[in-house]
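> Below are the structure tokens for one structure; questions will follow.
Bear in mind that the values in this text are calculations on the coordinates, not laboratory data. Source: prediction; values computed, not measured. Neighbour counts run over all protein chains shown; Cβ positions are idealised from the backbone, glycine included.
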Amino acid sequence: MFDDHLTHWEEDVLKEIGNIGAAHAATSLSRLLGERIDMEVPSARLLDFSEIAEEVGEDHLYVATFLEFGGDVKGSFVWLTEPFSARQLLWALFQDRTLSGSDEESSNAFSELELSALQEIGNILAGSYLSALADLTGLSLYPRVPGIVFDMGMAVVTYGLLEAGHYGEHAVVIDAHLTSRDARYGGRFFLLPDPHSFRVLYHALGVYANGRDE
Amino acid sequence: MDVMSDVIKVGIADLASARHPGRLRTAGLGSCVGVALYDRRKKIGGLAHIMLPDSRQARGPIKLAKYADTAIPELVRQMEALGALRHDVVAKLAGGAQMFEHVSSDALKIGERNVEAVRAVLHLIGIPIVAEAVGGRVGRTVELDLEDGMYYVRTAQSEAQKL
């Protein structure tokens, strides 16, 4: 749990969690958009804090939804969307340029109303992801109230690392990329379980029974 | 900001010190605090990207650069090793934001707690804070210019502010 590596079993289980969670969230997004959304095979990695900048860009800006969850498993869920993609989402959902901005230049700012609409989408996606995870594991997971910002991805993802920060300088990151067929939409989910939640997850999915002698 | 000049990057829960010329840079400060220390006479500076307030809360091996109470003394030690004199050193702070309203109580105030811890440690070791850009709801990227001690603080929506 606090080791500096993941066993193959652990990695496989966490990838499967990412796969099922992100696939459900992608389906929700696809329904909202009325468009097919493709998902790359998610990765599950131990990421050193020093690698976060490379992962999300030093001060790259995203429309970022952040949500904590509690219950049997605790942690954070992050949805990062490029500003261009966020515009596309608003346009696809509301068919209204007044909400999605009339020109490209306005993509460097989002109104409260726009962010609130995107936050609601983020809430739906997080709900899909986490309920799929709850169904898979038989564990309870309660999403908390989401927050949204248009800001540096790194500043947002760091919130999800605080708990892991008490134990060491790395965190398990379950990461899934989504794109629409026409590449108008691109985004990314991060699931960041708290360090003490891994044992619960692994037990629920029978990893220790098969994989690692304790 | 000039990318051609010598820039030393400081990551999350990391620190660095150096003498002029060049710059120290850390990106994506949210609740974390970027503490810049500078000795104007010797032109020696240090930058820490502090993540958590108190090393006594650690539940594992302590990385000095991660906590306010350990990072600042370590930064001062490194700068003194380069020739800085403590009574010539001043501090500038940036970060410690609260980006989300609805995160749980512990995480809710982490930005504010980080800033408070940094101020307390600096006070304790007698280093004055001469400028701050802390709090609010914004992420920040900072650069300390080792030539003059200027601290450039940039947010998503604004040009660099000069501290």
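> From the phi angles alone, apply the Karplus equation (6.51, -1.76, 1.60; θ = phi - 60°) to region A:5-14 and give each ³J(HN,Hα) in whole Hz, x where the residue is Gly or Pro.
So the Karplus estimates, Gly and Pro as x, are 8, 9, 6, 4, 4, 4, 4, 4, 5, 5 Hz.
> How many Lys pairs in chain B lie less than 27 angstrom apart by Cα atoms, where the lysines are 8 or more positions apart or on different chains?
Lysine pairs, 8 or more places apart or on different chains, close enough: 22.
> Further question on the same structure: Quick check for me: using +1 on Lys/Arg Cβ and -1 on Asp/Glu Cβ, what's the dipole size of region A:8-211 about its Cα centre, in debye to the nearest 20? Don't jump to the answer; show the numbers that get you there.
Details: 12 positive and 30 negative charges, 142 e Å.
Approximately 680 debye in magnitude.
> Once each part is reduced to its C-alpha centroid, what is the distance from region B:1-67 to region A:55-89 in angstrom?
Centre-to-centre distance over Cα atoms comes out at 25 Å.
> Under 5 Å between amide H atoms, partner at least 5 residues away or on a different chain: which partners does residue B:31 have, H built in plane at 1.01 Å?
Excluding prolines and chain starts, which carry no amide H, the hits are B:97.
> Specify the inter-centroid distance of region A:1-47 and region A:111-134, based on alpha-carbon positions, in whole Å.
17 Å
> Given the rule -39500 (n - 2.57) for each run of at least 4 DSSP H residues, summed and divided by the residues of the protein assembly as shown, what is its mean residue ellipticity at 222 nm, to the nearest 500 deg cm²/dmol? Numbers along the way, then the final one.
On the way: 12 runs with 128 residues, N = 377.
Rounded to the nearest 500, it is -10000 deg cm²/dmol.
> Okay, moving on. I'd like to compare A:50-63, A:74-87: which one has the highest average count of other Cβ atoms within 10 Å, and what's the full order after that? Provide the component values of the computation, followed by the final result.
On the way: A:50-63: 19.3, A:74-87: 22.9.
Highest mean packing first, the order is A:74-87, A:50-63.
> Right, something else. Tell me, what does the Kirkwood hydrodynamic radius of region B:1-125 come to in angstroms if you use every pair of distinct C-alpha atoms? Numbers along the way, then the final one.
Details: mean 1/r = 0.0677 Å⁻¹.
Over region B:1-125, the inverse of the mean reciprocal pair distance is 14.8 Å.
> I'd like the distance between the alpha-carbon centres of region A:149-207 and region B:92-163, rounded to an integer number of Å.
After rounding, the separation between the Cα centres reads 25 Å.
> Next question. To check you understand DSSP bridge types, tell me what percent of the beta bridges within region B:7-162 (both residues inside) are antiparallel, rounded to 5. Intermediate results must be reported in sequence, preceding the final value.
Values: 33 of 42 bridges.
Among the beta bridges of region B:7-162, antiparallel pairing accounts for roughly 80 percent.
> Averaged across A:83-90, how many Cβ atoms of other chains sit within 10 Å of each residue's Cβ atom?
Values: counts 0, 0, 0, 0, 0, 0, 0, 0.
Rounded to a whole number, the mean comes out at 0.
> Could you order the peptides B:127-140, A:25-38 from most to least packed, using the average number of other C-beta atoms within 10 Å per residue?
On the way: B:127-140: 18.6, A:25-38: 16.9.
So the order, starting with the most tightly packed, is B:127-140, A:25-38.
> Which Cα, out of A:131, A:146, A:206, lies furthest along the positive dipole direction of the protein assembly as shown (beta carbon charges, K/R +1, D/E -1)?
Ranked along the dipole, the leading option is A:146.
> Please report, largest first and rounded to whole Å, the three semi-axes of the ellipsoid equivalent to chain A, where each semi-axis is the square root of five times an eigenvalue of the C-alpha gyration tensor.
Values: eigenvalues 188, 65, 41 Å².
With the √(5λ) rule applied to chain A, the semi-axes are 31, 18, 14 Å.
> If each residue of separation counts as 0.36 nm, what is the full-extension length gain between residue A:166 and residue A:41 once their alpha-carbon separation is subtracted?
Numbers: separation 125, 0.36 × 125 = 45.00 nm, distance 2.99 nm.
Using 0.36 nm per residue and subtracting the Cα-Cα distance, I get 42.0 nm.
> Calculate the radius of gyration of the Cα atoms of region A:6-54 to one decimal place, then report Dmax, the largest Cα-Cα distance, as a whole number, both in Å.
Reported Rg and Dmax, both Å: 13.7, 39.
> Is the protein assembly as shown rounded, prolate or oblate when judged by the Cα gyration tensor, a ≥ b ≥ c being the square roots of its eigenvalues, rounded requiring a/c under 1.5 and prolate requiring a/b larger than b/c? Before the final figure, lay out the partial values.
On the way: a/c = 2.28, a/b = 1.41, b/c = 1.62.
Oblate is the answer for the protein assembly as shown, as a/c is 1.5 or above yet b/c matches or exceeds a/b.
> Among residues other than residue B:71 whose Cβ falls under 12 Å from its Cβ, what is the net charge (Lys/Arg +1, Asp/Glu -1)? Kindly include the intermediate steps, with their values, before the conclusion.
On the way: positive: B:63, B:66, B:77; negative: B:14, B:54, B:69, B:74.
Charge balance in the 12 Å sphere: -1.
> Also, quick follow-up: Just counting partner chain Cβ atoms within 10 Å, what average do the residues of peptide B:59-68 show around their Cβ? Show your work: numbers first, answer last.
Working: counts 8, 8, 3, 0, 4, 0, 1, 5, 1, 0.
Per-residue shielding by partner chains comes out at 3.
> Label-point separation (nm) for residue A:120 and residue B:159, each offset 7 Å from Cα along Cα-to-Cβ?
3.8 nm
> Please turn the phi angles of region A:76-81 into ³J(HN,Hα) values with the Karplus equation 6.51 cos²θ - 1.76 cosθ + 1.60 (θ = phi - 60°), one per residue in order, whole Hz, x for glycine and proline.
3J(HN,Hα) across region A:76-81, in whole Hz: 10, 10, 10, 10, 9, 10.
> Here is a further query. Residues of A:157-167, mean number of Cβ from any other protein chain within 10 Å of their own Cβ, rounded to a whole number? The partial results should precede the final answer.
Values: counts 3, 12, 10, 2, 4, 9, 3, 1, 13, 7, 4.
So the per-residue partner count for this stretch is 6.
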